[in-house]
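The structure appears below as structure tokens.
The values are calculated or read from the model by the stated rules, or taken from the named source; none is laboratory data. What you are looking at is a predicted structure, and each value in this text was computed from that prediction instead of being measured. Every residue, glycine among them, receives a Cβ derived from its backbone with ideal geometry; neighbour counts consider all protein chains shown. In case anyone asks, the SASA skips ligands and DNA or RNA and just uses the protein heavy atoms, side chains included. Shrake-Rupley method; radii C 1.70, N 1.55, O 1.52, S 1.80 Å.
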Amino acid sequence: MKFYLFVEEKVTGPFDFDDLCRKWERHEISSETLFCQELSRQWQRIETIVPEFELSKEAISIPNERYENVKFEKRNKRAALGLTVFCICGLFGWMILSNKAIPQSVRAIGPVDSKVGGESQPSPRPDSPGSSSGRFALVIGVDNYKFLPPDQQLEVAVSDARLMADTLKKAVPPFDTILLTDVTQNNAESVFDQFISKAEDSDCALIYFAGHGVEYHGENFLLVSDTAVSRVSDDVRRMKRRLGNEAIALQAMLDDLDATRARVKLVVLDCCRDNPLESASSETRSLIGSPGGLARVTPPSGTLISYSADVGQKAIDGLFTGVLTKNMATPGLTIMKVFASTRMEVRETSRRIAKENSRISSHEPAEYNKLDPAGLEFAFVESVKDNQKRERINGQSNLVSLQQKISKLEAALAAKESDNSENLEPKNVTEVAKTNNTSKSGGSDLPKFPEAPNSSVSLSSRDMTGNRAGEVRAFKGIDMIWCPAGTFLMGSPANEPLRDSNERKHRVTLTKGFWIAKTETTQVLWESVMRGNPSSTKGTDLPVESVSWHDALGFCKKLNLMSKLPNGWQWSLPTEAQWEYACRAGTMEAFAGNLRSIGWFDDYGGERLQSVGTKDPNPWGIHDMHGNVQEWCHDWYSSNSYTDGERDPEGPPSGVYRVHRGGSWRNFAQYCRSADRDNALPDSRSGAHGFRVVLKSGN
């Protein structure tokens, strides 16, 4: 489905409809409901800035349950161009009269107030999106509700929020924290968008909300100070639209948080208080949800959601956040222990209070957890030992002395020089001594690659060709396995259990042999080439993960710059056909051996990422083709790209998703089969996404 919002006339600027449409076409916006919700937010802001501006409703109807009446009436280019000039002039005039700089963010059209609810707040900086590391938090507390009666105002939500913000600022390392109190919906949305941009690819992104929360027909909403909803309408569609426009939709917030790709994502909701919605009729009351407020929400992968009380319970004001922040400040206490300790203490304390006051009920916090392994080890205040470990990982402390590096280099050079069939470019010892690091990949201990390698060895294409399937050679210190040219049956037979329809069995011929890495790319090898380590679970021999397809291709390109290869040979990602050919290694079954012996997967020992090469190899000596991390391939993905009799296929010429293969430690056995096909957006990152390289000839 294509949406036309004056795209041809380029109505861009602070409200970039082009960008919104591109996100839809790239599937970054996953549903029409989310598209319309974002469109509605942008549209409301445009009306706020230029009240007289009336964007003619254009083109087509958008069918969805919340905005089925949103239509766009087609305009000719001449009228649209005039409207564009009027809109842009109006915006610039407004900016000049208001003495405000035009904001950089395409979403944050209006200026963010420096005072929210009477309390001075730091204006979020328009930083470049995200950070390779860092902790970011958005903390919101609302006591005063303009459209609710006095008995439904709160007393401690703001003080709880301030306590949480102070705790996060004092964490080790500290959180870059934004505090909003008694915030309006417009200000909350503007600041939230900037927070999401800053939190991209961060170590941790945390959202805390204290205030009223309600559930209505399966959807959860967080109420802000100007939420003008005091009664429940019998019209469910209308009521949802009102809540969506005047409150914060929890699911949309979780979707945006998930899109940051932060390694640890936390949502803390201290809002299981009295449901402030009044029923318009007795029939409606049962549709509101529990009197305690929010209903359970399943968190996205890598996320933990914490509620101050379980379903159907009412939280005692001020208890949960006080206990939680105390435990968060305990050095070395991991995140699960923080919330487990908080749950136990709140439960016991509330029971004691309930015994003393019969009008108060005991309650117990609830967590819904889908954290990755990195999240389970996360601590708000790192212990001295953990802090030192993190510094070592970041390269601030050396694990191996300079003398050990030189000794390893000399031993490696001596071993390689004695084997004329292997290729190792000699390196200057004094130059390598400056690198202060070691690299281990596929069993070879070698120093970090120098930036400009010297080589007196000149290889021909004939020298690069292997002699037999499974032959091992080291190139740039990476153990590689030779895969000779050949023909094989790619895909799976119709009777293979749990196969997918996109695995049609067909004959493929690879006319050129190639070298494929013996193991998945390790973190130490990645660091030696790229500097830094994006992995959520750190370890020298662990495969690098949390890398996108673009990241993996960038690794190959840099490796090519650092290598002196014969003309036509290059480092690359394997094509999908090359990957399956190497994975099968001459086998025809679902797996290239006994899966329990050759693969790390969820059914068997797959609780976490594992060191490379610790399971048995396939018949050609290649490790971890089944499980551990999913491996990026070079091809675009298409479900119907298989053609019988193909020669050197490279996939379709374009697409939306890139192929990854092999399954991971998180997947069941069926997703680790030789023929199983999977895909992801090329800029997506996951703790289960890694890669291995191939060395191939283009001639």
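Only one entry in 635, 644, 676 is touching a strand residue (DSSP E or B) at 6+ places or on another chain (Cβ under 6 Å), among the charged types (D, E, K, R) and either closer than 21 Å to residue 612 by Cβ or open to solvent by less than 20 Å² (accessible area, probe 1.4 Å) (or both), namely 635.
Residues in the stretch 160-200 that are open to solvent by less than 20 Å² (accessible area, probe 1.4 Å), among the polar types (S, T, N, Q) and within 21 Å of the chain's Cα centre (by Cα): 177 alone.
Among strands (runs of 3 or more DSSP E) entirely within the stretch 569-674, having at least 1 residues that are closer than 20 Å to residue 548 by Cβ, of a type in the set (Ser, Thr, Tyr) and under 28 Å from the mean Cα position of the chain (by Cα) singles out 569-572.
Close Cβ contacts (under 8 Å, 6 or more residues apart or on different chains) running from residues in the stretch 239-266 that are under 11 Å from residue 300 (Cα atoms) to residues that are open to solvent by 40 Å² or more (accessible area, probe 1.4 Å) and among the β-branched types (Val, Ile, Thr) are absent. Just one residue in the set 501, 563, 546, 536 is open to solvent by 10 Å² or more (accessible area, probe 1.4 Å), more than 25 Å from the chain's Cα centre (by Cα), within 30 Å of residue 302 (Cα to Cα) and not charged (D, E, K, R); that residue is 501. Starting from the stretch 607-630, keep only residues that are under 19 Å from residue 581 (Cβ atoms), then list their pairs with residues that are charged (D, E, K, R) and part of a loop (DSSP other than H, G, I, E, B) whose Cβ atoms are within a distance under 7 Å, requiring at least 6 positions of separation or different chains. Qualifying pairs under 7 Å: 621/518; 622/518; 623/518; 623/615; 624/520; 624/615.
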